[in-house]
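The values are calculated or read from the model by the stated rules, or taken from the named source; none is laboratory data. Computed from a predicted model, the values in this text were never measured in an experiment. We place every Cβ from the backbone using ideal geometry, glycine too, and count neighbours over all the protein chains shown. These area figures cover heavy atoms from the full protein model, side chains too; ligands, DNA and RNA do not enter into them. Shrake-Rupley method; radii C 1.70, N 1.55, O 1.52, S 1.80 Å.
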Amino acid sequence: MDLRDKRIVVAIGGGIAAFKAVEVVRELQRRGATVRVAMTASATRFVGPITLTGLTGTPAVVDLWDPRYAGEVHVELGAWADAVLVAPATMNLLGRAAAGLADDVVLATVACARGPVIFAPAMHTRMWTHPATTHNVERLRAVGAAFVGPVEGPLASGEIGMGRLAEPARIVDAVEAALRPGATDLEGVRLLVSAGPTHEDLDPVRFLGNRSSGKMGFALAERAAARGALVTLVSGPVALTPPAGVTRIEVRSALQMREAIASRADEQDAVVMAAAVADYRPSERAEHKRKKAGEVQLTLVRNPDILLELGERRARLGAHRPVLVGFALETQDLLDNARAKLERKKVDLIVANEAAVGFAGDTNRASLVDAAGATALPAMSKHALADRILDRVRERLGVEAPPERA
Ligand code: PMT
């Protein structure tokens, strides 16, 4: 019931995912919110206003000129709502909102919102990846809008691709996050996050890798972006969709990851290394697929330690920026190893997690280790842990904490 006493306008755009707005309304209500609905005329082709009226107990507003309202309905809705959620947000709606148009009840309500506005985009992959949409998302983020999704999956066209509406629970999580006090406490902070494994090629078809799914790093990127940071996500090969508004750089090997990070580190306020970087790579990559030949001996050579290099460079320069956060992935002596890494790599914070808990799932359990000592945290979602790590980054940057999070 985290949305108790909260008033949310769900503004529905005209896309096939509009029917899922019904589930979103139900989930908001389940968590305690009072909901009112505004819809574009196109949205009514996909879901009936009467359904939404029945669910919310108040008329779903479609017409800016609705005679049931004595005053201006969009001004009233915008002032009433603690947050406005646009779901689904079509390419057309994003474009019109980014242009500052207010010619229907959905856009006029967005324009009059006194609280946060959250967009949950849904559209065909080619529309989502269209440069105009990318540009419009950037413009809306620049004026403080939050985004949730889209995600990859089956689309209305029958294809599988990027552009599907995020799951209702994730959308409502994003509304909760946007309403949390201090929701944008990392406004303008430049943050680089690394995520996922690296793949070290043996030949054109085989590689050495590890079990990192990228979820921890992607959760950090998503939460940082939602809190207002300008996020660059350097990720190894993973099957995850980057959060909206995050700049993603895809790499494969440790050497590529080092190049991507080292060339950008000086522009960052903070770097968080959640990637599971391979410590070794094959001494050579065969040009053609290796043939079976009985027992095989592989020669491995050390990869550079990216975090260590960043820590040493910062120490050489006598600088305090970027703030450096590393992880320690251990199967034994977790805290001792984490403390050793903190010192050896000359970083500000180590997030110590056990391999058996940290990999692949949606939850993690970690201790935060810095020069002042170790804080053991309970098991929590990777998104919640991301927030705790980002709180430490914020403290280290000297960004003032809002009272509720302090
Ligand atoms: O991706 P998930 O499935 O969600 O799993 C998350 C995770 C378990 C991978 C993550 O929480 C985690 O622990 N990441 C760091 C894994 C790791 O490589 O730990 P390490 O103890 O070997 O390395 C210590 C630190 O140095 C890490 O920040 C690592 O990114 C960095 N490093 C390591 C080796 C190397 N060559 N260069 C580095 O920069």
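Between Ala70 and Thr375, the modelled label-to-label distance comes to 5.2 nm, taking each label 7 Å out from Cα in the direction of the beta carbon.
For the range 294-389, the equivalent ellipsoid derived from the alpha-carbon gyration tensor has semi-axes of 24, 22, 12 Å in decreasing order.
Ignoring any ligand, DNA or RNA, what whole percent of the accessible area of the range 210-272 comes from carbon and sulfur when the probe is 1.4 angstrom?
Summing carbon and sulfur atoms, their accessible area is 47 percent of the total for the range 210-272.
Distance between the modelled labels on Ile160 and Thr184, one decimal in nanometres: 3.7 nm (7 Å Cα→Cβ projection). Highest mean first, the peptides 124-136, 186-198 sorted by other C-beta atoms within 10 Å per residue fall in the order 186-198, 124-136.
Only Cα sites of the range 190-397 enter the Debye sum here, all with the same form factor; the resulting log10 I(q)/I(0) across q = 0.14, 0.17, 0.18 1/Å is -0.80, -1.16, -1.29, listed in q order.
Relative to the longest principal axis of the Cα atoms of the chain, helix 168-179 runs at roughly 90 degrees.
Taking amide H as placed 1.01 Å from N in the peptide plane, the amide H of Ala328 sits under 5 Å from that of Val351, Ala352, Asn353, each at least 5 places away or on another chain. Pop the C-beta distance of Arg139 and Arg30 into the FRET formula with R0 = 41 Å and round what comes out to the nearest 0.05. About 0.80, to the nearest 0.05.
Once C-alpha pairs closer than 8 Å and six or more residues apart are averaged by separation and normalised to the residue number of the range 7-179, the relative contact order reads 23 percent. If R0 is taken as 30 Å, the Cβ-Cβ distance between Lys289 and Ser263 corresponds to a FRET efficiency of 0.40.
Could you tell me the calculated FRET efficiency between Arg321 and Ala169, based on Cβ-Cβ distance and R0 = 45 angstrom, to the nearest 0.05? The calculated FRET efficiency here is 0.75.
Distant-in-sequence amide contacts of Arg36, defined by a placed amide H-H separation under 5 Å and a gap of 5 or more residues or a different chain, comprise Ile8, Val9, Val10.
Each part reduced to its alpha carbon centroid, the range 247-290 and the range 344-363 end up 18 Å apart.
Using a cutoff of 8 angstrom between alpha carbon atoms and counting only pairs six or more residues apart, the relative contact order for the chain works out to 11 percent.
Computed across the chain, the Kirkwood hydrodynamic radius from all distinct Cα-Cα pairs reaches 22.8 Å.
Each 5 Å bin from zero up to the one holding the largest Cα-Cα distance in the range 7-179 carries the following percent of pairs: 1, 9, 20, 24, 23, 14, 7, 2, 0, 0. Between Leu64 and Val105, the built amide H atoms are under 5 Å apart, and every one of these is 5 or more places off in sequence or on another chain. Taken per residue, the accessible surface of the range 7-179 reaches 42 Å², heavy atoms only and a 1.4 Å probe.
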